[in-house]
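Since the structure comes first, as structure tokens, the remarks are kept for the end.
The values are calculated or read from the model by the stated rules, or taken from the named source; none is laboratory data. It should be emphasised that the depicted structure is a prediction, and the values quoted were computed from it without experimental measurement. Note: ideal-geometry Cβ built from the backbone for every residue, glycine included; neighbour counts use all protein chains shown.
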Amino acid sequence: MTAVSLSRGKFFLLQLAVAAALALLGLTGGRGALLVSLVFWTALAQGSVAVVAVTDLTGASWTGPLRSELLAAVTMLPLLAALFLLLLWPSLDLYSWAAAPTAWLNRPFFLTRNLALLAAAATAACLFACRSLRQDPARVRFAVAYLFLFVACQSLVAFDWVMSLAYPWVSSMLGAYFFVEALYAGLALAGMLAFLLDRQRREAEADWPAARRDLGMLLFGFSILWGGLFFAQFLLLWYGNIPEEVQFVVERVSASPSRELCAFFLAACFAVPFLILLSARAKRNAGILGAVSLAVLLGMLAEKLVFVLPAVPVRFGVLLAENALLLAVWLLAVQSRERLLPEVGGKAEDRKTGRQ
Amino acid sequence: MRGEEQNITTATGRVEKDVLAALGRPGLRYLAGVGLCALLALMLFILWGGLALRGLGLSGKNHPVGWAMLITNFVFWVGIAHSGTLISAVLYLFRARFRTSFNRSAEAMTVFALLVASLFPLIHLGRVWVFYYLLPYPSERLIWPNFRSPLVWDVFAVTTYLIVSLVFFYVGMIPDLAIARRRLPGLRGRTYGLLSLGWQGTVLQWRHYGRLYLFLAAFATPLVASVHSIVSWDFAVSIVPGWHTTIFAPYFVAGAIFSGTAMVITLTIPMRRWLRLEPYITVDHFEAIAKILLFTSLIITYTYLVEHGLSLYGNSPFERDQYLYRALGDYRVLFAIMIVCNSLLPLTMFVRRLRRNLAWLFILGILVNIGMWLERFVIIVASLSHDYDPYAWGTYNFSLVEFGITVGSFGLFFLFFLLFVRLLPVLSMTEIKEHQ
Amino acid sequence: MTERFVFESREEFLERLRALIDEGTDPQSIRIRMPYQVPEVMEILGERPDRLRFFALFGALTGFGSGLALTIYSVLSWPLIVGGKPIISLPPFLLIGYLLTILCGSLGAFFGFLLLARLPSGRGLAEGAQFPERFVIVVGEEEEP
């Protein structure tokens, strides 16, 4: 990759521009697409930081060589919080409960609690990222704090942003399902990075092959975990067969675009990674790892779409444009991480001098 | 410590001697313990016999509470089994070194807890002699079990789990049995030799052994998650309020690991002291396992919050009423104890000094298991006592027979464990040597 | 001619083994017994393809297939609707298939191991070459004291 690197000011301006573009797209081209993009990218950005936090907490070495790239996602968290405020505020009438608010589901409380948690998670993520990059011993405490906020935030994304679209449908697992999926998304992002940076890392890092293989193992393990959680949730809805519950599933498997999307995300998030990464050779191959990670991420996007689609119409062109924009922001954040997060540059210098 | 000092020429020799010292002649206190546990176990079988002869009316079960203390015990003991596989298989895959201190006793615990657990559905059957209806066998009238029923899934899950954990337990022990053969004289040595299958430690054997261990760990890890999920579905596939909720599978799995870890702590702290294994099971290792306890406790607390929160979220009066009943109804004292033991007391594990305080860990382990037993009791009994139709509400009180069977099951479990401590190497000697 | 080396430490043992291979000793004539697993030995002796995974895979596939076959055959042999569920209710049947995958996969791996590692071993059970406390290398015909 060519070395494009933005300064903090330029990156901030870029984010403002993207936010404006997304606001324009969202308000003109249907709000469903924005909700899907927001749910998806919140999981990606928070998930990749959470993966590093878990790594630091357990003293493991899985993501060591990709730490700074994964942590670059913290720079996106304020953008996502701003988007939430800009876009969901005017479009809360998407939710059926907005007409008949309850004690938990009403506009002011919905906005305050979600915004407060998004902001708190972003702050904790920044504080944690700085300490993690410095390898500060106090980072463990911040990792714990961040993970608490991460779990709370993803649970609210599940229960508030997504589940309440189908109010009064309830699935108590959805929160846990979302934060596990966010961790899986973080690992899939790491898999993409492993593919993009493979050539460069192979020369620079001695433990790169081991790290790549561990990443393959983790993706494999998470595909099983994800499959298990999905099955556990589906089985109970299918078995109980209560109208108010199973309606949610029936709506999604009986209409056309979401039925195909269901098949696609099941294949992409479970079958593909499970069957391919079963082979030890595939786990060592950066190209295969990258392809599998891409499939997983696309599968997750499709899955969020399936959750939202029957309740809110989504325009696919707008959805693609938004995701392309957010992807560009993320890639630029990874590229300019040395200037956005000052600790990265310092650490890279240390590493170079340390080796010589 | 006895003689034979001349045998100890190497560090590895010291490991062997220290670990195998437990296989020596038993003391009086040990025999008294075995006797007491055997008596309790005997009580279980006598009471079971009474229950089978006189009928289930001897238990406190009634309408509407048809599942009660016996099923609570089943769920509890299956849960205790879980941390054995967690420590052996999951920590092995994650290459956590501290597993070496606990894996053998935890695996033994898994096997014993499953043996005890599998008694309870049989006791609960009443007419235990027709238990084979649960198994798929070709009868001349082509009557097969109903594979859509979670009770049949249970049969498959628990049997699979028992067989796989036995294999795992045995495979992990093969090299250690060969060491016991070398170091023990006479008939005992020969017996261990037979059990070790003539293991010699050649390159061929070690190579395949390493692969086998990895495969077994890889198979056991998803298995451990699925077994308690299936146990949870015994409840959750029905539409009883308080049972039918999608989070049940991860909730039960976390609870199982929580109670199992607590049991490992409860068993290894006295064992370490009694067998003088302090150099091998260090306080650092207990700190690591205390963190697992804390982690699973937090998951449980999260689930309590989600379950109770969502009962207020929707517009189902039955759900709301059930959760209010659990917290404030007839079983409120048990509910309060459960919250204190499972959610509040484990928070002390955030404090490093308390994580390293073995006396507190030991007490906490016992309290957590009391809390987890009550949790299963509250889930099972409170939901049945108070479901949709107020006409069919009712409460449950246990009978002395059920109470005796419960106490007896603890006796049986501890009897197995005491015998294990004297008959088999309690630590994995080859792994300790490998990590030295 | 038989040479016999005994080592306390893993490093000395590996050093000697490397030296033996470098000298051009036929790896087939070297017999090693180790008190614990040393992965480096496999690298030094040249790793042969691992066949145990085929046993595990074969067991797992057999288990999955037989789980599905058993459940589907049994419901078709007496097609009675129970609890409003379809005759072939895949979600529960997958569960049985999954459990049998794990059961047969583990047992397949275990019996494959016994076969490949030649256990129970008659020579090992007889008095003689036991599982050692130290590293042992024997070059040539093995004559144990």
**Message:** I'm told residue B:180 meets every condition in (1) within 9 Å of another protein chain (Cβ to nearest Cβ); (2) under 20 Å from residue C:126 (Cα atoms); (3) touching a residue at least 40 places away in the same chain (Cβ under 8 Å) except one. Can you identify the failing condition by its number?
**Reply:** (1)
**Prompt:** Does any residue of region B:79-94 turn out to be among the small types (Gly, Ala, Ser), over 20 Å from residue B:173 (Cβ atoms) and buried (at least 24 other Cβ atoms within 10 Å of the Cβ)?
**Reply:** yes
**Message:** If residue B:330 meets every condition in (1) without any contact (Cβ under 8 Å) to a residue 24 or more places away in the chain; (2) farther than 24 Å from residue B:228 by Cβ; (3) more than 14 Å from every other protein chain (Cβ to nearest Cβ) apart from one, which number is that one?
**Reply:** (1)
**Request:** Return the total of residues in region B:189-213 being in a helix (DSSP H, G or I), more than 7 Å from chain C (Cβ to nearest Cβ) and either touching a residue at least 24 places away in the same chain (Cβ under 8 Å) or small (Gly, Ala, Ser) (or both).
**Result:** 2
**Complete:** Exactly one of C:113, C:131, C:135 is under 25 Å from residue B:218 (Cβ atoms) and in contact (Cβ under 8 Å) with a residue 24 or more places away in the chain, and that one is C:113
**Request:** Determine whether region B:351-368 contains at least one residue that is touching a Ser or Thr at 6+ places or on another chain (Cβ under 9 Å) and more than 27 Å from residue B:104 (Cβ to Cβ).
**Result:** no
**Message:** For region C:96-106, give me each residue that is at the interface with chain B (Cβ under 7 Å from one of its Cβ atoms) and closer than 26 Å to residue B:177 by Cα.
**Reply:** C:103, C:105, C:106
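May I ask you to verify whether residue A:93 is away from every other protein chain (no Cβ under 14 Å) and not in a helix (DSSP H, G or I)?
On the way: away from every other protein chain (no Cβ under 14 Å): yes; not in a helix (DSSP H, G or I): no.
No, not satisfied.
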**Filter result (exposed (fewer than 12 other Cβ atoms within 10 Å of the Cβ) and assigned to a loop (DSSP other than H, G, I, E, B)) within region C:53-84** = C:78, C:79, C:80, C:81, C:83, C:84
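Conditions (1) at pLDDT 90 or above; (2) assigned to a helix (DSSP H, G or I), marked per residue:
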residue: B:72; (1), (2): yes, yes
residue: B:97; (1), (2): no, no
residue: B:107; (1), (2): yes, yes
residue: B:111; (1), (2): yes, yes
residue: B:115; (1), (2): yes, yes
residue: B:123; (1), (2): yes, yes
residue: B:148; (1), (2): yes, no
residue: B:156; (1), (2): yes, yes
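For region B:238-253, name all the residues that are assigned to a helix (DSSP H, G or I) and either surrounded by fewer than 24 Cβ atoms within 10 Å (Cβ to Cβ) or touching a residue at least 60 places away in the same chain (Cβ under 8 Å) (or both). Reasoning before the result, please.
Residues of region B:238-253 that are assigned to a helix (DSSP H, G or I), as a first pass: B:248-253.
Once the filter is applied, which keeps residues that are assigned to a helix (DSSP H, G or I) and either surrounded by fewer than 24 Cβ atoms within 10 Å (Cβ to Cβ) or touching a residue at least 60 places away in the same chain (Cβ under 8 Å) (or both), region B:238-253 yields B:252, B:253.
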**Request:** Would you be able to say whether some residue in region B:367-385 is crowded, with 21+ Cβ neighbours inside 10 Å and not in a helix (DSSP H, G or I)?
**Result:** no
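In region C:56-91, which residues are of a type in the set (Phe, Trp, Tyr) and at the interface with chain B (Cβ under 9 Å from one of its Cβ atoms)?
The first filter runs over region C:56-91 and keeps only residues of a type in the set (Phe, Trp, Tyr), leaving C:58, C:64, C:73, C:78.
The answer is C:73, C:78.
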**Subset tally (residues that are more than 11 Å from chain A (Cβ to nearest Cβ) and surrounded by fewer than 24 Cβ atoms within 10 Å (Cβ to Cβ)) for region B:224-237** = 1
**Request:** For region B:278-291, state whether one or more residues are within 14 Å of chain A (Cβ to nearest Cβ) and within 20 Å of residue B:165 (Cβ to Cβ).
**Result:** yes
**Fill in**
Restricting region A:175-199 to residues that are over 15 Å from the mean Cα position of the chain (by Cα) and assigned to a helix (DSSP H, G or I), the one surrounded by the most Cβ atoms within 10 Å (Cβ to Cβ) turns out to be A:194
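Does region B:376-392 contain any residue that is without any contact (Cβ under 8 Å) to a residue 60 or more places away in the chain and aromatic (Phe, Trp, Tyr)?
Yes, some residue in region B:376-392 is without any contact (Cβ under 8 Å) to a residue 60 or more places away in the chain and aromatic (Phe, Trp, Tyr).
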**Prompt:** Which one of these does residue B:335 not meet: (1) in a helix (DSSP H, G or I); (2) surrounded by 16 or more Cβ atoms within 10 Å (Cβ to Cβ); (3) within 21 Å of the chain's Cα centre (by Cα)?
**Reply:** (3)
**Asked** Of the residues that make up region A:203-210, is at least one buried (at least 20 other Cβ atoms within 10 Å of the Cβ) and either over 27 Å from residue B:95 (Cβ atoms) or free of Cβ contacts under 8 Å to residues at least 24 places away in the same chain (or both)?
**Response** no
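Can you go through A:113, A:107 and tell me which one is in contact (Cβ under 8 Å) with a residue 24 or more places away in the chain, more than 25 Å from residue B:352 (Cβ to Cβ), surrounded by fewer than 16 Cβ atoms within 10 Å (Cβ to Cβ) and of a type in the set (D, E, K, R)?
On the way: A:107 fails: in contact (Cβ under 8 Å) with a residue 24 or more places away in the chain.
Just one listed residue meets the conditions, A:113.
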**Request:** Can you tell me which residue within region C:10-37, out of those that are within 12 Å of chain B (Cβ to nearest Cβ) and without any contact (Cβ under 8 Å) to a residue 60 or more places away in the chain, is surrounded by the fewest Cβ atoms within 10 Å (Cβ to Cβ)?
**Result:** C:28
**Message:** I'd like to check something: does region B:69-78 contain any residue that is more than 16 Å from the chain's Cα centre (by Cα) and buried (at least 21 other Cβ atoms within 10 Å of the Cβ)?
**Reply:** yes
**Fill in**
Sole miss for residue C:117 among (1) more than 11 Å from residue B:212 (Cβ to Cβ); (2) at the interface with chain B (Cβ under 7 Å from one of its Cβ atoms) is condition (1)
**Prompt:** When residue C:87 is evaluated against the numbered criteria (1) out of contact with any Pro (no Cβ under 9 Å at 6 or more places or on another chain); (2) of a type in the set (A, V, I, L, M, F, W, C); (3) assigned to a loop (DSSP other than H, G, I, E, B), which criterion, by number, is the only one it fails?
**Reply:** (1)
**Item:** Residue in region A:32-53 that is in contact with a Cys (Cβ under 9 Å, 6 or more places away or on another chain) and part of a helix (DSSP H, G or I) present
**Value:** yes
